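Asker: Submitted below is the structure of interest, expressed as structure tokens.
The values are calculated or read from the model by the stated rules, or taken from the named source; none is laboratory data. Fair warning: this is a prediction, and the values are worked out from it, not measured in the lab. So basically every Cβ, Gly included, is an ideal-geometry build from the backbone, and we count neighbours across all protein chains shown. These area figures cover heavy atoms from the full protein model, side chains too; ligands, DNA and RNA do not enter into them. Shrake-Rupley method; radii C 1.70, N 1.55, O 1.52, S 1.80 Å.
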Amino acid sequence: MQRNQNYFVQELIDWFSKAKRDLPWRQTRDPYKIWLSEIILQQTRVEQGLPYYERFIDHHPDVHSLADSNEKDVLKLWEGLGYYSRARNLHATAKFISKELNGTFPNNYQNLLQLKGIGPYTAAAIASIAFKESTPVVDGNVYRFASRYFGVFDDITQSATRKTFESLLRDIIPSDRPDDFNQAMMEFGATVCTPSPNCDQCHFTQSCFAYQQKAQNQLPVKTKKVKVSEEHLNYLIFEHSGKYLLHSRTEGIWKGLYQFYLIRSKEEQKELLNKYDGKVTMESEIIKHILTHRRLWVKFVTIEIHEAKSFKNLSKELGLHPFSLEEMLNLPRPKVIVNYLQQAVN
DNA sequence: GATGCGTGGTG
DNA sequence: TCACCAAGCAT
């Protein structure tokens, strides 16, 4: 196994030396230039970031020049690239390195990680490329390529999964060429093992888990982003002789806590009433109360939400989370609550 | 740990 | 058309 992995690493680095794109930050080991390129390339394609890199180097060839600039000018140079906090952090870090560190860059992963705008990926990239530290980078390309090649099914949207990949790669990253290995992994993911992979031009199909299992489209595992669609929270507030009808949640989050009756639905309130008319369910019994028992004071409060927001967070935001029974008895009158809810929606 | 942050490309 | 994605980070 170890022998096979050595073979994989060697083939990958050989491929990289032949196929790598000729990019300006690959012509230098100046940590300032490596750093600048990595910040620009965060969530940004090479073609989009390249002209910005050139412009920054023209205006600010070293960290002192950038530090002596002002934030407004830096933002002007950044204009159109997006994620503008990157520019503010870039400038702040340039000032820190220039003034506090006398222009000397931190030269290892842990110290780089302390700098503003530098997270796990960027710290590993700079440490390996500028300082030859054997620390693996894990970015979107690496997740894709490594999960397919090695057959890793961990959900990459879970932050704990980063450790799985770091550990796997730490075992195979060659200590003499961590820079080439890291860049080769990313370059391969960016040009061959793309989301819709180019397996016909891949060197590694013989030993690729996904290719052999025809699982390219199953990897990497990424839990689906929740589709954004409307949903209604229908709160039923019953009042009779100054008393309010509540119930205790029987399951899920907030089990045992009290709340007003709630019917979650995709439908508008009117369709909801039609849907439950005549059906024998707990909820329909409540609907019947609404329709027939006029002496009950009943108010429907319907709130439109998007599924993209978790129910838990939205409820908290709107102040709809259930209360203990004791708290519930001390609530203001329902009408006040209704007004509050409607305001919260606006 | 979930969420917001931006612009541009892709199938 | 549009969901998804691209060398992530801060909060």
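Asker: Would a scan of the range A:193-215 turn up a residue that is touching a Phe, Trp or Tyr at 6+ places or on another chain (Cβ under 8 Å), open to solvent by less than 50 Å² (accessible area, probe 1.4 Å) and farther than 19 Å from A:Phe16 by Cα?
Answerer: Yes - at least one qualifying residue is present in the range A:193-215.
Asker: State all residues of the range A:6-53 that are under 18 Å from A:Ser85 (Cβ atoms) and of a type in the set (Val, Ile, Thr); if no residue qualifies, say none.
Answerer: A:Ile39, A:Ile40, A:Thr44 - these are the residues of the range A:6-53 that are under 18 Å from A:Ser85 (Cβ atoms) and of a type in the set (Val, Ile, Thr).
Conditions tested, residue by residue: (1) within 9 Å of DNA strand C (Cβ to nearest atom); (2) surrounded by fewer than 16 Cβ atoms within 10 Å (Cβ to Cβ); (3) in the same structural domain as A:Ala87 (by TED's automatic domain parsing).
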site	(1), (2), (3)
A:Gly117	yes, no, yes
A:Thr122	yes, no, yes
A:Asp171	no, yes, yes
A:Arg177	no, no, yes
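Asker: Residues being more than 8 Å from DNA strand C (Cβ to nearest atom) and open to solvent by less than 60 Å² (accessible area, probe 1.4 Å): count how many of those fall in the range A:24-38.
Answerer: Kept after step one, since they are more than 8 Å from DNA strand C (Cβ to nearest atom), are these residues of the range A:24-38: A:24, A:27-36.
Checking which are open to solvent by less than 60 Å² (accessible area, probe 1.4 Å) leaves us with A:24, A:28, A:30-36.
Here the count works out to 9.
Residue-wise test of (1) away from DNA strand C (no atom under 12 Å from the Cβ); (2) at pLDDT 90 or above.
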site: A:Gly189; (1), (2): no, yes
site: A:Cys202; (1), (2): yes, yes
site: A:Thr205; (1), (2): yes, yes
site: A:Tyr211; (1), (2): yes, yes
site: A:Thr223; (1), (2): no, no
site: A:Val228; (1), (2): no, no
site: A:Glu231; (1), (2): yes, no
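Asker: Checking A:Val63 against (1) away from DNA strand B (no atom under 15 Å from the Cβ); (2) under 18 Å from A:Asp139 (Cβ atoms), only one condition comes out false. Which one?
Answerer: Only one criterion in (1) away from DNA strand B (no atom under 15 Å from the Cβ); (2) under 18 Å from A:Asp139 (Cβ atoms) is unmet by A:Val63, namely (2).
Asker: Pairs, please: C-beta under 6 Å, at least 6 apart or cross-chain, first residue away from DNA strand C (no atom under 15 Å from the Cβ) and in the range A:149-162, second part of a helix (DSSP H, G or I) and open to solvent by less than 60 Å² (accessible area, probe 1.4 Å)?
Answerer: A:Asp154/A:Thr161; A:Asp154/A:Thr164
Asker: Could I ask something else about it? Could we say that A:Asp154 is in a loop (DSSP other than H, G, I, E, B) and either over 23 Å from A:Lys18 (Cα atoms) or assigned by TED's automatic domain parsing to the domain that holds A:Thr44 (or both) here?
Answerer: Details: in a loop (DSSP other than H, G, I, E, B): yes; either over 23 Å from A:Lys18 (Cα atoms) or assigned by TED's automatic domain parsing to the domain that holds A:Thr44 (or both): yes.
Answer is yes for this residue.
Asker: Scan the range A:70-85 residue by residue and report those that are under 15 Å from A:Leu36 (Cα atoms), open to solvent by 20 Å² or more (accessible area, probe 1.4 Å) and either touching a helix residue (DSSP H, G or I) at 6+ places or on another chain (Cβ under 7 Å) or not assigned by TED's automatic domain parsing to the domain that holds A:Pro51 (or both).
Answerer: Within the range A:70-85, A:Leu75, A:Tyr84 meet the criteria.
Asker: Name the residue, out of A:Tyr149, A:Tyr143, that is within 16 Å of DNA strand B (Cβ to nearest atom) and either assigned by TED's automatic domain parsing to the domain that holds A:Gln213 or not hydroxyl-bearing (Ser, Thr, Tyr) (or both).
Answerer: Details: A:Tyr149 fails: within 16 Å of DNA strand B (Cβ to nearest atom).
Result: A:Tyr143 is the single residue among A:Tyr149, A:Tyr143 that is within 16 Å of DNA strand B (Cβ to nearest atom) and either assigned by TED's automatic domain parsing to the domain that holds A:Gln213 or not hydroxyl-bearing (Ser, Thr, Tyr) (or both).
Asker: Filter the range A:111-140 for residues that are farther than 20 Å from A:Leu23 by Cβ and hydroxyl-bearing (Ser, Thr, Tyr); which is farthest from DNA strand B (Cβ to nearest atom)?
Answerer: A:Ser134
Asker: Of the residues A:Leu81, A:Leu90, A:Leu75, only one is under 21 Å from A:Leu41 (Cβ atoms), away from DNA strand C (no atom under 12 Å from the Cβ) and either among the aliphatic types (A, V, I, L, M) or over 24 Å from the mean Cα position of the chain (by Cα) (or both); which?
Answerer: Working: A:Leu81 fails: away from DNA strand C (no atom under 12 Å from the Cβ); A:Leu90 fails: away from DNA strand C (no atom under 12 Å from the Cβ).
So the residue among A:Leu81, A:Leu90, A:Leu75 that is under 21 Å from A:Leu41 (Cβ atoms), away from DNA strand C (no atom under 12 Å from the Cβ) and either among the aliphatic types (A, V, I, L, M) or over 24 Å from the mean Cα position of the chain (by Cα) (or both) is A:Leu75.
Asker: Run down A:Asp22, A:Asp58, A:Asp14 and say which single residue is charged (D, E, K, R) and over 19 Å from A:Asp179 (Cβ atoms). Even if it seems obvious, please write down each step before you answer.
Answerer: On the way: A:Asp22 fails: over 19 Å from A:Asp179 (Cβ atoms); A:Asp14 fails: over 19 Å from A:Asp179 (Cβ atoms).
Every option except A:Asp58 fails the conditions.
Asker: If you scan the range A:174-197, which residues turn out to be within 28 Å of A:Ala215 (Cβ to Cβ), in contact (Cβ under 8 Å) with a residue 60 or more places away in the chain and not in a helix (DSSP H, G or I)?
Answerer: Result: A:Pro174, single match.
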